[in-house]
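The values are calculated or read from the model by the stated rules, or taken from the named source; none is laboratory data. Please read all numbers here as calculations on a predicted model, not as lab measurements. Reconstructed Cβ throughout: ideal geometry from the backbone, glycine too, with neighbour counts over all protein chains shown. Calculation scope for accessible area: heavy atoms of the full protein, side chains included, ligands and nucleic acids excluded. Shrake-Rupley method; radii C 1.70, N 1.55, O 1.52, S 1.80 Å.
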Amino acid sequence: MAGGIGSRFWPVSRLSHPKQFIDILGTGKTLIQQTYERFTRTVPKENIFIVTNDIYTGLVKEQLPELNEAQILAEPIMRNTAPCIAYGCYKISQINPNACVIIAPSDHLILDTEGFVHAINLSLQTAASNDCLITLGIKPSRPDTGYGYIQFNSVILDKDFHKVKSFTEKPNIDLAKTFIQSGEFLWNAGIFVWSVKNIIKAFKQHLPEINDVFKEGENVYNTAGEQEFIQKAYYQCTNISIDYGIMEKADNVYVLPSEFGWSDLGTWASVYDLIDKDYVGNAVLPSERVIMYDSSNCMVNVPKGKVVILQGLHDFIVVENNNTLLICPRSEEQNVKQVVADVKQRFGQEFI
């Protein structure tokens, strides 16, 4: 899934060039390129499909030139994750009705590729032989309020998969601490594994309106008429996530507790946590012309060649891109989405 706009990484992530197409961590590869390469370890390249907004198809082709046209699924409008998953799974079902699929965001960081591949292969085996919907849960290392949580119970499938009891969206810090102490909760990574048969059955039961929309196109997927059909189909879909629409309602959801160095890279603070810092906690990328006086625990991300001087600044984020400068306390960066909305209203779409 590569259709998001990554607004919390503004002003580096823009509507015209969102974070999945950016080398956020300075590794030499963009996030979508890293995700694609990771999945080539698990499935043949021709079995990898990218669902994205049609305004990003050029970026996908540029960054993943090995893909052919049929592997890029273009959405005419943004309708959250349930419609894009229904589209992808119906299309794949017409190619192979017995297929198992992995659904994953294109903009997450995974440090332990071997551990990830093991978790995926284990999940594919279980999904192929059981009537279940699988999600990967990350063993939490701290009471983080930026992640959703999955609670599981004592029912176990195939030795490793735990029956899901409940989902909780981003809790407050006290609730997050309670979750961690209980030992019954995992972070929700938003990575799913299932057979196309089982997920289509779940759509029929829990999101029948969306199911009916995409079922109507069974005869046009993988033909010249697919894109024309999709252009009309998306405008009939409600804006709804797969988590809310299906995963929270289905009674055959299982979670695999996993550890593979995962981060959803949802905020600048998550980037700060991952990159190298000096002895007082300051992190700078990619510019080398930054001088700090009496400053600590700051992150600076400005274009190469820019000279930046910080004095007396502690626990701040300083980001510049596209003639826009953002300076905010690290503790308040969750407000960036609101900032983006305010900038759009006051100064226009061209700054977003």
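Summing charges over neighbours of Lys19, with a neighbour being any other residue whose Cβ is under 12 Å away from its Cβ, gives -1 when K and R count +1 and D and E count -1. Shown in residue order for segment 44-55 are the 3J(HN,Hα) couplings computed by the Karplus curve 6.51 cos²θ - 1.76 cosθ + 1.60 at θ = phi - 60°: x, 4, 6, 9, 9, 10, 10, 9, 8, 6, 5, 6 Hz (x for Gly and Pro).
Amide H to amide H distances under 5 Å link Val290 with Val308, where only residues 5 or more positions off or on other chains count and H is placed in the peptide plane. Taking the convex hull of the alpha carbon positions in segment 123-171 and averaging its projected area over all directions gives 3.9 nm². For a paramagnetic label modelled on Thr27 (point 7 Å from Cα along Cα→Cβ), amide N atoms under 18 Å away belong, within segment 222-266, to 259-266. Which net charge results when you count Lys and Arg as +1 and Asp and Glu as -1 among the other residues whose beta-carbon is under 15 Å from that of Gln349? Value of the local net charge: +1.
Solvent-accessible area per residue in the chain equals 47 Å², computed with a 1.4 angstrom probe and all protein chains kept.
Against the chain, whose longest principal axis is taken from its Cα atoms, helix 81-95 shows a tilt of about 50°. Computed from phi, the 3J(HN,Hα) profile of segment 24-35 under the Karplus parametrisation 6.51, -1.76, 1.60 (θ = phi - 60°) reads 4, 9, x, 8, x, 9, 6, 5, 5, 5, 5, 5 Hz, with x in place of Gly and Pro.
So what is the orientation-averaged projected area of the chain, using the convex hull of its C-alpha atoms, in nm²? Mind showing how you got there, number by number?
Details: hull surface 73.7 nm².
Approximately 18.4 nm², given one-decimal rounding.
Probe radius 1.4 Å, ligands and nucleic acids ignored: give me the carbon and sulfur share of the accessible area of the chain as a rounded percent.
Percent of accessible area from carbon and sulfur atoms in the chain: 49.
For segment 35-154, the Stokes-Einstein estimate of translational diffusion at 25 °C and a viscosity of 0.890 mPa s comes to 150 µm²/s, using the Kirkwood hydrodynamic radius over alpha-carbon pairs.
Tell me the relative contact order for segment 121-269 as a rounded percent, counting alpha carbon contacts under 8 Å between residues six or more apart.
Rounded, it is 36 percent for segment 121-269.
So which trypsin sites (Lys or Arg not before Pro) in segment 218-294 end up in coil per DSSP with only 16 or fewer other C-beta atoms within 10 Å?
Working: sites: Lys232, Lys249, Lys277, Arg289; in loops: Lys249, Lys277, Arg289.
For trypsin sites (Lys or Arg not before Pro) across segment 218-294 that sit outside H, G, I, E and B with at most 16 neighbouring Cβ atoms in 10 Å, the list reads Lys249, Lys277, Arg289.
For the chain, the longest principal axis of the C-alpha atoms and the axis of helix 196-206 are separated by about 90°. In the chain, helical runs assigned H by DSSP with n ≥ 4 each contribute -39500 (n - 2.57); averaged across all residues and rounded to the nearest 500, the mean residue ellipticity at 222 nm is -9000 deg cm²/dmol. Here the calculated FRET efficiency for Thr168 and Arg289, from their Cβ-Cβ distance with R0 = 45 Å, stands at 0.55, rounded to the nearest 0.05. For Tyr234, the shell of other residues with beta-carbons less than 11 Å away shows a net charge of 0, using +1 for Lys and Arg and -1 for Asp and Glu. By the gyration tensor of its Cα atoms, with a ≥ b ≥ c the square roots of the eigenvalues, what is the shape of segment 33-100: rounded for a/c under 1.5, prolate for a/b over b/c, or oblate? Oblate, because a/c is 1.5 or more while a/b does not exceed b/c. Amide H to amide H, with H built 1.01 Å from N, Glu75 comes under 5 Å of Thr52, Asn53, Asp54, counting only residues 5 or more places away or on other chains. Between His17 and Asp160, the modelled label-to-label distance comes to 4.0 nm, taking each label 7 Å out from Cα in the direction of the beta carbon.
Expressed in Å, the radius of gyration and Dmax of the Cα atoms of segment 193-352 are 23.0, 66. Under 19 Å from the 7 Å Cα→Cβ point of Val280, by amide nitrogen: which residues of segment 315-333? Under cut-off, by backbone N: 315-319, 328-331.
What residues qualify as long-range amide H neighbours of His314, i.e. H under 5 Å apart, gap of 5 or more or another chain, H built at 1.01 Å from N? Result for His314 returns Ser296.
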